[in-house]
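Visitor: Got a structure for you, questions after.
The values are calculated or read from the model by the stated rules, or taken from the named source; none is laboratory data. Just so we're clear, the structure is a prediction, and the values are computed from it rather than from any experiment. Using ideal geometry, Cβ is built from the backbone for each residue, glycine included, and neighbour counts are taken over all protein chains shown.
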Amino acid sequence: MTTREIHQAIETVFRIERARLIGGLARMVRDIGLAEELAQDALVIALSEWPKTGVPANPGAWLTAAAKRRAIDGFRRREMQARKHAEIGRDIESEQASGVEHIEAAMDDDIGDELLSLIFTACHPVLSPEARAALTLRLIGGLTAQEIARAFLSSEATIAQRIVRAKKTIAKADLVYEVPRGEERRARLESVLSVIYLIFNEGYAATSGPDLIRPTLSLEAQRLGRILAGLMPNEPEVFGLLALMELQSSRFAARVGADGLPVPLDKQNRARWDRLAIRRGLAALEHAHALGGASGPHVLQADLAACHARALKAEDTDWERIAGLYDRLVEVMPSPVVELNRAVAYTMAFGPDAGLEIVEGIEKSGALANYALLPAAKGDFLFRANRLSEAKVKFQEAAALSKNEKEKVFLLIRAADCR
């Protein structure tokens, strides 16, 4: 291999191994920032050594060993953590004696992967949802602060500060870098799934900016979902989320018109839906049900998405089944947003008056006071009930609240149609 080919091989290996390497190092040094630095040091060492010695048989284990040796050097230089230094040193000697191919196994715990520990740490509830999303994309997704900032329409400085603060918060909380067990694991898993779905949704329906959708961000969330499914093959909610993202992503090509404005679900050209993504989603959903997860919130949401995916024409949609699924979902995941979506289902299944009754209850609660989709939904229900002057007011109200430019234009067009 030429030096250039070896450098390309090193970069490829590092992209693949980076998150897992950082996860193992973080558990060892109890510091995510230091773990990232050690992983980067291992990359620099590889760039220097591999052109001379060739790519090792197990490059991931080689990088792990190099990073751990650099950790020991750092402990020695700073004359601190003497006990940990000796402990890690004994581990290294033992690993070298038994062969570098055993290093990865030696670092694994009985659950099986450092990556899981890193995911659960990055998504710890001690962090804000925004911080969890940024840190997860940085550590697990491998995105730079610039790429994350571009995805969330934020500044690079803001994202970089958010990541730094998140690392400091984790360090201050003295978190244990491991996968929780029992009830704690189930509770924490929901945080992990919520972060991944937050990332997906920001791509599926951008909350602000000039574009209605940002598919690249959703694709990154799907990649994270597939990683998690590979690491936790017996968790139905993990497969429920994966199914939900696959099914929703199948509509990307049909969700936006040539003018960049949103195309409502019942107006979309379903021939443009990605049938391969639908097959993947339905397969993941079937697996989630086989694992006994029929009542999980993400599985129920995937069941809802599957109702649309199976309908080849909008008029074939089983809205009564969808309304029933929302009745179940609101019990296991009560929230005003779920209630709003339930109102949409009731309108389609039983008429606009049924939806208006639900949405007016949400309005009285004040829970979604500044949420653009609340007046938008009510405007649609009123339009269907032929109460056009009232519908126009609601569409204008929704447009005033929306921070997405394309959505705002769409809502003003709907208001203008209320003649």
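Visitor: Please indicate, with yes or no, whether at least one residue in segment 358-372 is under 21 Å from R255 (Cβ atoms) and crowded, with 16+ Cβ neighbours inside 10 Å.
Guide: Start the filter on segment 358-372 by keeping residues that are under 21 Å from R255 (Cβ atoms), which leaves 371-372.
Then drop every residue that is not crowded, with 16+ Cβ neighbours inside 10 Å, which leaves 371-372.
Within segment 358-372 (the criterion being under 21 Å from R255 (Cβ atoms) and crowded, with 16+ Cβ neighbours inside 10 Å), the answer is yes, since at least one residue qualifies.
Visitor: Hey, S250 hits all of (1) touching a helix residue (DSSP H, G or I) at 6+ places or on another chain (Cβ under 9 Å); (2) under 28 Å from I413 (Cβ atoms); (3) surrounded by fewer than 18 Cβ atoms within 10 Å (Cβ to Cβ); (4) among the small types (G, A, S) but one; which does it fall short on?
Guide: Of everything listed in (1) touching a helix residue (DSSP H, G or I) at 6+ places or on another chain (Cβ under 9 Å); (2) under 28 Å from I413 (Cβ atoms); (3) surrounded by fewer than 18 Cβ atoms within 10 Å (Cβ to Cβ); (4) among the small types (G, A, S), S250 misses just condition (3).
Visitor: If we only count helices (runs of 4 or more DSSP H) wholly inside segment 234-292, which ones have 2 or more residues that are under 15 Å from A221 (Cβ atoms)? Steps first, answer last, please.
Guide: Details: elements: 236-249, 252-255, 275-290.
Here the list reads 236-249, 275-290.
Visitor: Looking at this structure, is G324 outside the structural domain of L189 (by TED's automatic domain parsing) and either among the acidic types (D, E) or surrounded by fewer than 19 Cβ atoms within 10 Å (Cβ to Cβ) (or both)? Steps first, answer last, please.
Guide: Details: outside the structural domain of L189 (by TED's automatic domain parsing): yes; either among the acidic types (D, E) or surrounded by fewer than 19 Cβ atoms within 10 Å (Cβ to Cβ) (or both): yes.
Taking the combined requirement at face value, the residue satisfies it.
Visitor: Any idea which of I278, I213 is farther than 28 Å from A398 by Cβ, buried (at least 18 other Cβ atoms within 10 Å of the Cβ) and of a type in the set (V, I, T)?
Guide: On the way: I213 fails: farther than 28 Å from A398 by Cβ.
Unique residue meeting the criteria: I278.
Visitor: Between E183, E190, which is in a helix (DSSP H, G or I) and within 13 Å of the chain's Cα centre (by Cα)? Lay out the reasoning, then the answer.
Guide: Working: E183 fails: within 13 Å of the chain's Cα centre (by Cα).
Going through E183, E190 in turn, just one is in a helix (DSSP H, G or I) and within 13 Å of the chain's Cα centre (by Cα): E190.
Visitor: Looking at segment 299-320 only, could you name the residues that are more than 16 Å from G281 (Cβ to Cβ) and surrounded by 15 or more Cβ atoms within 10 Å (Cβ to Cβ)? Outline the logic, then answer.
Guide: So in segment 299-320, the residues more than 16 Å from G281 (Cβ to Cβ) come out as 313-320.
Across segment 299-320, the qualifying residues are T317, W319.
Visitor: Does any residue of segment 146-158 turn out to be under 18 Å from D31 (Cβ atoms) and either surrounded by fewer than 21 Cβ atoms within 10 Å (Cβ to Cβ) or not assigned by TED's automatic domain parsing to the domain that holds L25 (or both)? Outline the logic, then answer.
Guide: Within segment 146-158, the first condition is being under 18 Å from D31 (Cβ atoms), and the residues that meet it are none.
Among the residues of segment 146-158, not one is under 18 Å from D31 (Cβ atoms) and either surrounded by fewer than 21 Cβ atoms within 10 Å (Cβ to Cβ) or not assigned by TED's automatic domain parsing to the domain that holds L25 (or both), which makes the answer no.
Visitor: Which residues, taken from segment 374-400, are assigned to a helix (DSSP H, G or I) and either surrounded by fewer than 19 Cβ atoms within 10 Å (Cβ to Cβ) or at positive phi (or both)? Let's see the steps before the verdict.
Guide: In the first step, residues of segment 374-400 are kept if they are assigned to a helix (DSSP H, G or I); the result is 374-384, 388-400.
R384, L388, S389, E390, V393, Q396, E397, A400 - these are the residues of segment 374-400 that are assigned to a helix (DSSP H, G or I) and either surrounded by fewer than 19 Cβ atoms within 10 Å (Cβ to Cβ) or at positive phi (or both).
Visitor: Next question, about the same structure. Within segment 183-211, can you find the residues that are among the acidic types (D, E), out of contact with any strand residue (DSSP E or B) (no Cβ under 9 Å at 6 or more places or on another chain) and touching a residue at least 40 places away in the same chain (Cβ under 8 Å)? So that I can check it myself, show each step before the final result.
Guide: Filtering segment 183-211 down to residues among the acidic types (D, E) leaves 183-184, 190, 202, 211.
Checking which are out of contact with any strand residue (DSSP E or B) (no Cβ under 9 Å at 6 or more places or on another chain) leaves us with 183-184, 190, 202.
Once the filter is applied, which keeps residues that are among the acidic types (D, E), out of contact with any strand residue (DSSP E or B) (no Cβ under 9 Å at 6 or more places or on another chain) and touching a residue at least 40 places away in the same chain (Cβ under 8 Å), segment 183-211 yields E190, E202.
Visitor: From the residues in segment 307-354 that are over 24 Å from S295 (Cβ atoms) and part of a loop (DSSP other than H, G, I, E, B), which one is farthest from the chain's Cα centre (by Cα)?
Guide: G351
Visitor: Kindly indicate whether R342 is over 30 Å from L388 (Cβ atoms), among the charged types (D, E, K, R) and out of contact with any Gly (no Cβ under 8 Å at 6 or more places or on another chain).
Guide: On the way: over 30 Å from L388 (Cβ atoms): no; among the charged types (D, E, K, R): yes; out of contact with any Gly (no Cβ under 8 Å at 6 or more places or on another chain): yes.
No; evaluated as a whole, the condition is false for this residue.
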